[in-house]
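These notes concern the structure reproduced below.
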């Protein structure tokens, strides 16, 4: 497996996210809503892709993925509900509270992504080590 390609793709995705966020900061509410809908579509596609990858993985990996997917789905549903609720509220204090909540959720998502990258690093290192062990055992048993 080419982990470097996967990490390059992840790095590109982070750069795209940064550009998108910087651009979105100056957009109208309608533009932002459209951008959010497109981002949700990308999340759905990423989940489908990850489900496919997980279906080929071991039961333990599938279980971990299922839990992560459930967590992401719950956060997405909560964020969508809050977005819709915000649209109905006109109270400045409530809007400020909702903005604080949304910012905290965004910070949590970034923290989760950071954890996921660190976890991926450990998993890749473990995979490399496991492949080295398997190759070494294959060499010693075939000799």
- Message: Test of understanding: among 74, 123, which residue is surrounded by 12 or more Cβ atoms within 10 Å (Cβ to Cβ) and part of a helix (DSSP H, G or I)?
- Response: 123
- Task: Among residues belonging to the range 83-108 that are touching a helix residue (DSSP H, G or I) at 6+ places or on another chain (Cβ under 9 Å), at pLDDT below 75 and part of a helix (DSSP H, G or I), point out the one that is farthest from residue 120 (Cα to Cα).
- Result: 87
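So which residues in the range 20-36 are part of a helix (DSSP H, G or I) and either surrounded by 10 or more Cβ atoms within 10 Å (Cβ to Cβ) or touching a helix residue (DSSP H, G or I) at 6+ places or on another chain (Cβ under 6 Å) (or both)?
Taking the range 20-36 and keeping what is part of a helix (DSSP H, G or I), we get 20-24, 29-36.
20, 21, 23, 24, 31, 32, 33, 34, 35, 36 - these are the residues of the range 20-36 that are part of a helix (DSSP H, G or I) and either surrounded by 10 or more Cβ atoms within 10 Å (Cβ to Cβ) or touching a helix residue (DSSP H, G or I) at 6+ places or on another chain (Cβ under 6 Å) (or both).
The values are calculated or read from the model by the stated rules, or taken from the named source; none is laboratory data. It should be emphasised that the depicted structure is a prediction, and the values quoted were computed from it without experimental measurement. With ideal geometry, Cβ positions are generated from the backbone for all residues, glycine too; neighbour counts draw on all protein chains shown.
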